[in-house]
Amino acid sequence: MGGKHAEVVRLLWGPHPKPARGPRPTLDLDRIARAGIEIADSEGLADVSMQRVAAQLGVTKMALYRYVPGKAELVALMVDTAIGPYPAAKAPRGGWREQLEEWARQLLTVFRQHSWALDATVGPRIMGPGELSWLERAVSALDGTGLSGAERMDAAVLLVGHVRGISQQARAAGPAGNPEAQLGAILGDLMQSHGERFPALTAAFASAAQSDGQDQAWDFGLQRILDGLATFIDQRAR
C-alpha cells in the first residue's frame, strides 16, 4: 500500500529492519507507543505530542523522529498497542451468542481503560494486527451460522457501535459518575415541572429510577442486538 498511508502500514505491519552496524538503537516502537499511551491515559489524546513522548522517554524530539515520522503515525501505534491482540483462549466457550457477548464485554473494558482510543478510532484508517484480531474473532464466532461474510462484518460493526456508545457516555460522566443517573436527575427535574406535557416520559423515568442505571442500559442494548441477530440467523436456517 503506497501513498500517504505507506509509513503507517510499515510501522504497524513491518518489516522493521534493524541496522546491521552502528550503535544499538536506544528505543523501539513498543516503548514509544507505551509512552504515548501513558500520557493519553492520564491527560488525554490532545496532550500527546512528539515533544511530550520524547521527554517521557528521556530523548530528544529529533531522536524520536528516527523511529516515528509524526503524531499521526504515533497515534496509530498507540491504538494498536493499547487495544492489543484479542485475549487468547484455548478454545471458544459456548455458541456464537456467548462468544460475542464475551467479546463485547472485553472491548468495553479496553475502551474504559483507554477512553482516548474512542477519538483515535473514528473514520477510515489503517488498522494494525492487534486491532484486526478483534474483528477476526467476532467474525469467526459467527462461522456456521449461515450468515454471509458481509452480514457477519455488519454484526461486528453493530456490536462495536453499542460498545462505543456506552463507553462515550461513561467518559462524559467522569470517573466517578453514572451517565444514566446524571441524565435521569436532569430530566427528572424537568419532568417534575413539565411532566404533564410528557406523560410517557414521566412514567418511564419513574420506572428507570428503580433500575441499575448504566449497567442495565449496557446489558439491555447488548441482549437486544444479540436477540435480533439470533432471529435473523433462525430465519436464514428455515
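The values are calculated or read from the model by the stated rules, or taken from the named source; none is laboratory data. Nothing here was measured: the structure is a model prediction, and the numbers come from that model. Quick reminder, even Gly has a Cβ in these numbers, built from the backbone with ideal geometry, and neighbours come from all protein chains shown. Note: areas computed on protein heavy atoms with side chains; ligands, DNA, RNA excluded. Shrake-Rupley method; radii C 1.70, N 1.55, O 1.52, S 1.80 Å.
Between H5 and D143, the C-beta separation translates, for a Förster distance of 41 Å, into a calculated FRET efficiency of about 0.85. Treating r as the C-beta distance of V157 and H16 and R0 as 35 Å, the FRET efficiency rounds to 0.70. Percent of alpha carbon pairs in the chain separated by more than 21 Å? Roughly 66 percent, rounded to a whole number. Expressed as a whole percent, the accessible area of the chain that falls on carbon and sulfur atoms is 56 (1.4 Å probe). All other residues with a Cβ under 15 Å from the Cβ of S148 taken together, and with Lys, Arg as +1 and Asp, Glu as -1, what is their net charge? Summing Lys/Arg as +1 and Asp/Glu as -1 gives -1.
Peptides 41-48, 127-134 ranked from most to least packed by the mean count of surrounding Cβ atoms within 10 Å: 127-134, 41-48. Label separation (D189 vs L135): 4.3 nm, computed from points 7 Å beyond Cα along the C-beta direction.
Secondary-structure-derived ellipticity at 222 nm for the chain, considering helices only, amounts to -21500 deg cm²/dmol, per-run term -39500 (n - 2.57) for DSSP H runs with n ≥ 4. Computed from backbone phi, the HN-Hα couplings of region 48-60 come to 7, 8, 4, 5, 5, 5, 4, 5, 4, 8, x, 10, 7 Hz, rounded to whole numbers (Karplus: 6.51 cos²θ - 1.76 cosθ + 1.60, θ = phi - 60°; Gly and Pro given as x). With the simple spin-label model, which puts each label point 7 Å out from Cα in the Cβ direction, the T109 to A204 separation comes to 3.3 nm.
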